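Engineer: I have a structure here, written as structure tokens, and I will follow up with some questions on it.
The values are calculated or read from the model by the stated rules, or taken from the named source; none is laboratory data. What you see is a predicted model, and the numbers here were worked out from it, not measured in a lab. Using ideal geometry, Cβ is built from the backbone for each residue, glycine included, and neighbour counts are taken over all protein chains shown. Note: accessible area is taken over every heavy atom of the protein model, side chains too, but ligands, DNA and RNA are not part of it. Shrake-Rupley method; radii C 1.70, N 1.55, O 1.52, S 1.80 Å.
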Amino acid sequence: ADDSGDEEPASQSDKSELHGPLKTLSSKLEDLSTCNDLIAKHGAALQRSLSELENLRLPAESGEKIKAVNERATLFRITSNAMINACRDFLDLAESHSRKWQRLLQHEREQRIRLEETIEQLAKQHNSLERACRGAPGLASATTSISSTAKGSVQSAKGEASDEDEETEYFDAMEDAPAFITVTADPKHHRRSGSNLSGASEGHPEDWNLEDSVFESSNQSSYNESTCKDLLPKKRRRTRIPDKPNYSLNLWSIMKNCIGKELSKIPMPVNFNEPLSMLQRLTEDLEYHELLDKAVKCESSTEQMCFVAAFSVSSYSTTVHRTAKPFNPLLGETYELDRLEELGFRSLCEQVSHHPPAAAHHVYSRRGWTLWQEITIASKFRGKYLSIMPLGAIHLEFHSSGNHYVWRKVTSTVHNIIVGKLWIDQSGEIEIVNHKSKDKCQLKFTPYSYFSRDVPRKVTGVVSDADGKAHYVMSGTWDEKMECSKILHSSHGSTSTEGKQKTVYQTLSPKVLWRKYPLPENAENMYFFSDLALTLNEPEERVAPTDSRLRPDQRLMESGRWDEANVEKQRLEEKQRAVRRRREAEAVEALEEGKDYEGYIPLWFERKVDAVTGELICVYKGGYWEAKEKQDWSVCPDIF
């Protein structure tokens with residue numbers, strides 16, 4: 001009844017739209033009929049008059065002319081009758097076709113209404129499923145590793161599901177079974193002879209319980225607890241920014257014309273941004289830098305790999321609620337984060353290319369490690385979702401051991417672009433390789449699925465040495481924590497229905513290597529920024545004139561003056577386009593003169609072939625911190 005009530009006004013509207021022209025045609029046809037009657041009446045009178053003239057005694061020449069006029073009057077009356085008949089046929093044809101047009105239009109309208117209702121229903125189901133998923137006790141308690149005794153009971157890494165899930169017939173849509181199964185064992189009761197698992201890979205339980213081990217200390221560490229008192233900043237940093245204004249804007253109205261285009265080439269208002277640049281977001285990867293400080297202390301390269309793996313996952317923890325887009329840096333824009341005295345490291349980023357957008361990053365820590373990377377962001381808008389694909393390798397080197405780790409980032413996907421609440425997922429695999437020892441860690445980011453029994457945002461992996469022998473199992477979620485379990489034994493399990501053979505790992509109890517810091521109070525009104533993110537755009541003295549903190553549109557947006565920020569953003573982008581056009585003209589001129597044109601040259605980085613990966617990468621060439629010390633920024637361009 002509700003549907004019919006909703007469709008009735010639309011149907012009446014369709015009829016009125018179609019019948020309006022028909023009524024006009026009918027009225028015009030009536031006018032033509034009236035004219036036809038008048039023509040017939042006056043034509044008949046004219047013929048009678050001509051006949052009377054023809055009967056009079058007139059010269060022969062006049063009679064012939066009157067006869068010709070009479071014939072023409074007859075032809076005129078016949079022609080007018082034919083025209084009226086043709087108009088009547090046209091009206092009949094229009095009426096018959098109007099019914100067909102009405103049916104087609106009604107069908108299209110019903111299809112549109114049905115599609116809108118379907119999308120609305122899907123959005124409601126999405127929200128209800130999310131609420132049900134959060135409230136389901138079976139799903140909330142599911143873990144990647146299942147505790148069991150040393151009697152050798154083996155359970156799946158997917159965990160126990162609720163009774164409701166057992167009865168739900170979604171198994172065809174579920175993902176493949178995990179590649180390995182873990183079984184936790186009590187080291188006090190562990191006996192190899194009593195285990196039904198072969199000792200293909202063997203560890204020593206007593207190594208796992210050393211109280212002074214790096215793993216043990218990692219469980220007791222926290223950003224605000226006693227173990228980090230020596231890391232407390234000497235300078236007081238800000239703990240809040242102005243609340244985000246409540247501006248309503250229809251995303252679809254702007255994005256519908258951008259499907260298939262490169263995201264960096266779409267002019268976007270600041271309403272979809274957060275008041276940080278991509279360089280600052282890249283610097284946020286260092287939020288859990290203490291994992292690398294702990295990794296320096298590891299004597300074993302496989303243990304060190306566990307901390308590096310946890311660090312690589314921790315960089316995604318800030319993205320779970322961060323659906324806003326960071327500002328695209330201008331060419332030559334830089335960002336420094338100097339925490340050498342407070343936290344032991346200093347970081348520098350520079351935008352080294354605009355199309356495609358690429359940023360170079362270099363971090364030095366006096367606590368024994370150096371990290372560098374060049375990241376190019378490739379992104380595509382596909383209507384329903386937005387895919388963000390970071391391209392480029394991340395390098396990490398420890399000074400004392402010389403261990404050199406390399407890995408790449410996974411794909412980030414922003415869902416519900418058209419309807420529903422925006423949410424972000426990470427999916428894909430990360431392979432971390434120690435190019436000195438040849439140790440490897442393969443991490444899998446499981447994509448979110450309504451039908452999977454896995455914990456949402458799940459990450460699993462195995463750390464193995466150069467011979468392929470597995471030493472540790474990594475498990476956790478990219479938005480909460482990562483754990484590490486030492487492997488005692490490994491064996492080949494049963495073959496799955498797909499023909500894949502699972503590996504069964506018997507492990508000790510897991511140790512928490514990394515746990516996400518809680519968000520600050522009122523974070524939902526501050527773009528869900530973490531404690532570190534709140535300080536990234538805090539004004540600082542003595543920074544380069546190209547620093548992101550000095551970008552005017554970003555500063556205006558942070559202050560809540562979005563309209564002014566949009567105007568300023570357009571000015572900066574037009575200024576950058578003018579510089580690019582001038583550079584292109586110089587390139588053409590150099591080509592005509594037969595000269596080489598180098599193009600844009602980064603200020604603080606230089607391109608070199610990486611000895612490990614063989615790729616051309618921007619590496620820090622030095623000079624920035626010396627220029628800061630002297631306050632000599634003469635080489636910096638005027639980009640703001």
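Engineer: Please work out which residue is farthest from Met305 (Cα to Cα), limiting yourself to region 418-433 and to residues that are in contact with a Phe, Trp or Tyr (Cβ under 6 Å, 6 or more places away or on another chain) and open to solvent by less than 40 Å² (accessible area, probe 1.4 Å). Before the answer, list the steps.
Structural biologist: Of all residues in region 418-433, those in contact with a Phe, Trp or Tyr (Cβ under 6 Å, 6 or more places away or on another chain) come to 418, 425-428, 430, 432.
Next cut, open to solvent by less than 40 Å² (accessible area, probe 1.4 Å) only: 425-428, 430, 432.
Numbers: Asp425: 25, Gln426: 21, Ser427: 21, Gly428: 19, Ile430: 13, Ile432: 8 Å.
Top of the filtered list is Asp425.
Engineer: If you don't mind, another one. In region 593-628, which residues are aromatic (Phe, Trp, Tyr) and in contact (Cβ under 8 Å) with a residue 12 or more places away in the chain?
Structural biologist: Within region 593-628, Tyr600, Trp604, Phe605, Tyr620, Tyr624, Trp625 meet the criteria.
Engineer: So which residues in region 15-56 are more than 60 Å from the chain's Cα centre (by Cα), modelled with pLDDT under 75 and charged (D, E, K, R), if there are any at all?
Structural biologist: Of everything in region 15-56, just one residue is more than 60 Å from the chain's Cα centre (by Cα), modelled with pLDDT under 75 and charged (D, E, K, R), namely Glu54.
Engineer: If I filter region 490-503 for residues that are in contact (Cβ under 8 Å) with a residue 24 or more places away in the chain and closer than 30 Å to Leu534 by Cα, do I get at least one hit?
Structural biologist: Within region 490-503, none of the residues are in contact (Cβ under 8 Å) with a residue 24 or more places away in the chain and closer than 30 Å to Leu534 by Cα.
Residue-wise test of (1) open to solvent by 10 Å² or more (accessible area, probe 1.4 Å); (2) out of contact with any helix residue (DSSP H, G or I) (no Cβ under 9 Å at 6 or more places or on another chain); (3) touching a residue at least 12 places away in the same chain (Cβ under 8 Å); (4) within 28 Å of Cys306 (Cα to Cα).
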site: Tyr505; (1), (2), (3), (4): yes, yes, yes, yes
site: Ser509; (1), (2), (3), (4): yes, no, yes, yes
site: Pro545; (1), (2), (3), (4): yes, yes, yes, no
site: Leu556; (1), (2), (3), (4): yes, no, yes, no
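Matching residues to (1) in contact (Cβ under 8 Å) with a residue 24 or more places away in the chain; (2) closer than 30 Å to Ile601 by Cα; (3) assigned to a loop (DSSP other than H, G, I, E, B):
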| position | (1), (2), (3) |
| --- | --- |
| Glu284 | yes, yes, no |
| His321 | yes, no, yes |
| Leu331 | yes, yes, yes |
| Arg346 | yes, yes, no |
| His362 | yes, yes, no |
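Engineer: Report the residue count in region 434-446 for those that are assigned to a strand (DSSP E or B), open to solvent by 10 Å² or more (accessible area, probe 1.4 Å) and closer than 21 Å to Thr319 by Cβ.
Structural biologist: Going through region 434-446 one residue at a time, the tally reaches 1.
Engineer: Right, another one. From the list Val414, Val504, exactly one residue is modelled with pLDDT of 85 or more, under 21 Å from the mean Cα position of the chain (by Cα) and not in a loop (DSSP other than H, G, I, E, B). Which is it?
Structural biologist: From the options Val414, Val504, the qualifying one is Val414.
Engineer: Scan region 560-576 and tell me whether some residue there is touching a Cys at 6+ places or on another chain (Cβ under 8 Å), polar (S, T, N, Q) and under 29 Å from Ala627 (Cα atoms).
Structural biologist: Taking region 560-576 and keeping what is touching a Cys at 6+ places or on another chain (Cβ under 8 Å), we get none.
No; the residues of region 560-576 include none that is touching a Cys at 6+ places or on another chain (Cβ under 8 Å), polar (S, T, N, Q) and under 29 Å from Ala627 (Cα atoms).
Engineer: Tally time: how many residues in region 286-308 are over 31 Å from the mean Cα position of the chain (by Cα) and of a type in the set (Phe, Trp, Tyr)?
Structural biologist: Result for region 286-308: 0.
Engineer: Report whether or not Glu483 is under 21 Å from Met305 (Cβ atoms), open to solvent by less than 50 Å² (accessible area, probe 1.4 Å) and among the acidic types (Asp, Glu).
Structural biologist: Yes; evaluated as a whole, the condition is true for this residue.
Engineer: Condition first: assigned to a helix (DSSP H, G or I) and polar (S, T, N, Q). Now tell me which residues in region 556-579 satisfy that. Steps first, please.
Structural biologist: First, the residues of region 556-579 that are assigned to a helix (DSSP H, G or I): 556-558, 562-579.
Once the filter is applied, which keeps residues that are assigned to a helix (DSSP H, G or I) and polar (S, T, N, Q), region 556-579 yields Asn566, Gln570, Gln576.
Engineer: Right, next: For Ser401, work out the one condition from (1) in contact with a Leu (Cβ under 9 Å, 6 or more places away or on another chain); (2) closer than 21 Å to Gln304 by Cβ; (3) in contact (Cβ under 8 Å) with a residue 40 or more places away in the chain; (4) open to solvent by 10 Å² or more (accessible area, probe 1.4 Å) it doesn't fulfil.
Structural biologist: It is condition (1) that Ser401 fails.
Engineer: While we're here: Kindly list the number of the only condition in (1) at pLDDT below 75; (2) loosely packed, with under 12 Cβ neighbours inside 10 Å that fails for Ala10.
Structural biologist: So Ala10 meets the others, but not (2).
Engineer: Follow-up question, since we're still on this one. How many of the residues in region 93-111 are acidic (Asp, Glu) and at pLDDT below 80?
Structural biologist: Adding up the residues that qualify gives 1.
Engineer: Check off (1) farther than 26 Å from Leu572 by Cβ; (2) open to solvent by less than 10 Å² (accessible area, probe 1.4 Å) for Ala358 and give me the number that stays unchecked.
Structural biologist: Answer for Ala358: the failing condition is (1).
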